[in-house]
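Where a number appears in this text, it was derived from the coordinates with a stated rule and is not lab data. Fair warning: this is a prediction, and the values are worked out from it, not measured in the lab. So basically every Cβ, Gly included, is an ideal-geometry build from the backbone, and we count neighbours across all protein chains shown.
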Amino acid sequence: MEVPRLDHALNSPTSPCEEVIKNLSLEAIQLCDRDGNKSQDSGIAEMEELPVPHNIKISNITCDSFKISWEMDSKSKDRITHYFIDLNKKENKNSNKFKHKDVPTKLVAKAVPLPMTVRGHWFLSPRTEYTVAVQTASKQVDGDYVVSEWSEIIEFCTADYSKVHLTQLLEKAEVIGGRMLKFSVFYRNQHKDYFDYIREHHGNAMQPSVKDNSGSHGSPISGKLEGIFFSCSTEFNTGKPPQDSPYGRYRFEIAAEKLFNPNTNLYFGDFYCMYTAYHYVILVIAPVGSPGDEFCKQRLPQLNSKDNKFLTCTEEDGVLVYHHAQDVILEVIYTDPVDLSLGTVAEITGHQLMSLSTANAKKDPSCKTCNISVGR
């Protein structure tokens with residue numbers, strides 16, 4: 001049975017000693033499993049002596065690729081025509097059940113110089129743990145394969161989105177982030193107990209906390225960046241913040257210039273939706289030179305605070321003027337502590353709409369508006 005090839009999805013080799021896997025294919029025939037078992041119609045011959053890969057090394061890991069190399073005994077090495085690579089997602093109880101389903105992960109590669117690059121967003125996702133094992137194989141004239149035993153099993157984890165990937169995501173967000181509305185305050189809703197705790201245990205200052213895992217699975221800020229979430233959306237007819245909130249009936253409001261001004265930098269963090277028609281954009285505001293600023297400089301695209309599609313701060317007649325995007329829901333993360341004395345806390349008159357909460361919300365992997373062609 002002929003194995004279908006996927007050559008069009010692979011890059012060219014970057015150097016003579018770094019060949020990209022060519023003729024990479026998904027498992028269209030049943031290959032031997034890691035215990036050496038095979039089906040009767042698998043097209044694999046009885047096992048003969050071929051060198052078994054050992055001392056496997058994984059390097060140059062990105063969100064949707066990695067390089068793999070190994071050592072082999074020289075005996076019968078010249079008979080090797082192919083490598084079989086068994087790549088599997090490491091299951092865990094916290095796995096993202098909303099992520100696109102993994103396709104079969106037995107890969108076939110022509111024997112090329114090592115290391116070689118395995119690349120493909122159809123079977124690799126960012127920030128995901130995988131196991132990998134390798135077999136050497138020799139294709140016979142009748143189409144059967146002679147195979148070695150499986151190598152040891154190696155574990156590794158793919159990386160977050162890089163700045164290049166986030167820039168692609170930013171460009172998609174800019175397509176729908178055009179219309180702007182004026183605003184004057186940032187606000188944060190919580191329960192009364194939260195603000196009581198801040199006053200009693202943190203000297204009246206809200207403290208940054210680690211961002212949850214909501215949004216894109218490959219976002220480099222999830223589970224890593226520390227900050228305080230704020231909103232700035234306003235109602236079109238009033239120009240003021242809405243009276244409803246999914247996060248609590250008490251709201252802290254602070255003048256926009258206290259958080260966003262010429263002494264802060266603005267970064268793009270994420271773009272996602274939750275199986276809904278409306279989309280979310282996460283932005284990060286960091287005081288210049290702060291730890292949060294240094295974190296973002298290394299990982300996130302920086303925006304021009306005066307000219308971007310989402311959140312702007314401009315000066316008119318000596319006064320700072322602020323605008324936010326109307327057609328996306330902005331979630332703003334401020335990376336430093338914020339003292340409650342800089343604003344006001346009051347109870348809102350609307351409802352607590354829990355259905356609108358984005359806490360640990362999973363991104364819709366099928367949405368064409370907010371996904372890019374790497375792992376979700």
Query raised in the report: Taking a 27 Å limit on the Cα-Cα distance, which of the listed pairs 163/211; 182/362; 89/224 fall beyond it?
Result: 182/362
Query - Rounded to 5, the percent of DSSP beta bridges in the range 269-353 classed as antiparallel - result: 60
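Take the alpha carbon atoms of the range 259-324, find their radius of gyration, then divide it by 2.2 N^0.38 Å using N residues; give the quotient.
Normalised by 2.2 N^0.38 Å, the Cα Rg of the range 259-324 equals 1.22.
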Requested in this report: For an R0 of 51 angstrom, estimate the FRET efficiency from the Cβ-Cβ distance between residue 288 and residue 156 and round to the nearest 0.05.
Outcome: 0.90
Query raised in the report: Which parts of the range 257-275 would a label at residue 297 reach, counting a residue when its backbone N lies under 16 Å from a point 7 Å out along Cα-to-Cβ?
Result: 263-268
Report task. Could you rank the peptides 266-279, 331-344, 295-308, 200-213 by their average count of other C-beta atoms within 10 Å per residue, with the highest value first? Result -> 266-279, 331-344, 295-308, 200-213
Report task. Please give the length that would be gained between residue 237 and residue 367 if that part of the chain were fully extended, namely 0.36 nm times their separation in residues minus their C-alpha to C-alpha distance (nm, one decimal). Result -> 43.8 nm
Query raised in the report: Any idea how far apart residue 344 and residue 276 come out in nm if each label point goes 7 Å out from Cα toward Cβ?
Result: 2.8
Query - Distance from the range 158-233 to the range 120-151 (C-alpha centre basis), Å - result: 41
Query raised in the report: Label point 7 Å out from residue 224 along Cα-to-Cβ: which residues of the range 293-322 have amide N under 12 Å?
Result: 295-301
Query - Order by protection proxy (mean Cβ within 10 Å, highest first), peptides 157-163, 192-198 - result: 157-163, 192-198
Report summary line: Between the modelled labels at residue 52 and residue 321 (7 Å from Cα along Cα→Cβ) the distance in nm is 7.4
Query raised in the report: Once label points are set 7 Å from the Cα along Cα→Cβ at both residue 142 and residue 79, what is their separation, rounded to one decimal in nm?
Result: 1.6
